[in-house]
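A.B. asks: Can you read through this structure? Questions will come right after.
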Amino acid sequence: MSLIEFPEDWNSALVVIAHPDDVEYPGAAPFARWTAQGKKVVYVVASRGEAGLDTMPPEECAALRMAEQTAAAAEVGVHDVEFLDHPDGMIEYGLGLRRDIASAIRRHRPELVVIGSHREMSGNGMLNMADHRAVGQAAIDAVRDAANRWVFREPAAEPWSGVRYTALLGSPANTHAVDIEEWFDAGLRSLLAHRAYLETLGTSADEAEAMLRKFAMDVASRFAGRPGVGFEML
């Protein structure tokens, strides 16, 4: 089935993910496109990524991963990155996680919420991580929570019911896509900003580029030949 052009009649987006690098896989290029259009994009990261590097103690790893994520976001014009400090590798779905995400939605008041996919399988055909599933489901629920003033009452933050679009990034069931031909290089630079992480994985810059190009061309096969990043619109 062909992919539909992702709507761009919005001005602000909130991106909710579990870990540093969850935007850059499968690609941050759409956010470069959107920030170039003058749209406001904010990243909310549920953890600090402290369990991401086997060779580095969590205390050191957290600082490194947060710095790399902040640098990666800047490569695509995103300059507001928040970390919620849930435990990497042990994030639990529940009221606390929903509350934190709903609070972010109320503060930033986005029209679009992009969420790291909660599906059992990831877009690359592998089993999805527990953290991704927990954060994804919590974020979906938090969109509704944020609109109800009686759920997670916050005197300093008014309810927000202005989310018009909710979409999953990294889903195995994409419905829409964004043309990234002009923005591929920005997306690649964003991924390469995770330098220590990629080095630990043994992934070279050439290998990272080849991976992102494959992802983009897989989307192109369903998107009139245009390289893109896919999303599942809920």
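A.B. asks: Expressed as a rounded percentage, what relative contact order does the chain have, with Cα pairs under 8 Å and six or more residues apart? Display every interim value, and only then the final one.
C.D. replies: Details: 493 pairs, mean separation 64.6, N = 234.
In percent, rounded to a whole number, it is 28.
A.B. asks: So, with a 1.4 angstrom probe, what is the percent of accessible area on the stretch 170-222 that is carbon and sulfur? The partial results should precede the final answer.
C.D. replies: On the way: 1420 of 2760 Å².
On the stretch 170-222, the fraction of accessible area on carbon and sulfur atoms equals 51 percent.
A.B. asks: What order do you get for 165-172, 84-91, 44-51 when each peptide is scored by the mean count of other beta carbon atoms within 10 Å, highest first?
C.D. replies: Values: 165-172: 22.1, 84-91: 17.2, 44-51: 25.0.
My ranking of the peptides, most packed first, is 44-51, 165-172, 84-91.
A.B. asks: Tell me the mean residue ellipticity at 222 nm calculated for the chain from its helices only (DSSP H runs of n ≥ 4, each -39500 (n - 2.57), averaged over every residue, nearest 500). Intermediate values should be presented prior to the final figure.
C.D. replies: Numbers: 7 runs with 90 residues, N = 234.
Calculated mean residue ellipticity at 222 nm is -12000 deg cm²/dmol.
A.B. asks: Next question. I need the semi-axes of the equivalent ellipsoid of the chain: take the C-alpha gyration tensor, multiply each eigenvalue by 5, square-root it, list largest first in whole angstrom.
C.D. replies: Values: eigenvalues 129, 99, 50 Å².
Equivalent ellipsoid semi-axes, largest first: 25, 22, 16 Å.
A.B. asks: For a protection proxy built on the mean count of beta-carbon atoms within 10 angstrom, sort 189-197, 18-26 highest first, please. Don't skip to the end; give the middle numbers.
C.D. replies: On the way: 189-197: 21.3, 18-26: 26.2.
Going by the mean number of other Cβ atoms within 10 Å, highest first, we get 18-26, 189-197.
A.B. asks: Where nothing but the Cβ of Lys and Arg (+1) and of Asp and Glu (-1) is charged, how large is the charge dipole of the chain around its Cα centre, in debye to the nearest 20? Please report the intermediate quantities before stating the final value.
C.D. replies: On the way: 22 positive and 35 negative charges, 177 e Å.
Here the chain has a charge dipole of around 860 debye.
A.B. asks: For the stretch 75-198, what is the convex hull (Cα atoms) projected area averaged across all directions, in square nanometres?
C.D. replies: Values: hull surface 35.6 nm².
Computed as one quarter of the Cα hull surface, the answer is 8.9 nm².
A.B. asks: Here's another thing I want to ask about it. Per residue, what accessible area does the chain have, given a 1.4 Å probe and all protein chains present, in Å²?
C.D. replies: Counting only protein heavy atoms, the per-residue value for the chain is 46 Å².
A.B. asks: So who's got an amide H within less than 5 Å of the one on residue 121, skipping anything under 5 residues away but keeping other chains? H placed 1.01 Å off N, in plane.
C.D. replies: Counting only residues 5 or more places away or on other chains, the set is 128.
The values are calculated or read from the model by the stated rules, or taken from the named source; none is laboratory data. Owing to the predicted nature of the structure, the values given are computational and were not obtained by experimental measurement. Neighbour counts run over all protein chains shown; Cβ positions are idealised from the backbone, glycine included. Heavy atoms of the whole protein, side chains included, go into the accessibility calculation; ligands, DNA and RNA do not. Shrake-Rupley method; radii C 1.70, N 1.55, O 1.52, S 1.80 Å.
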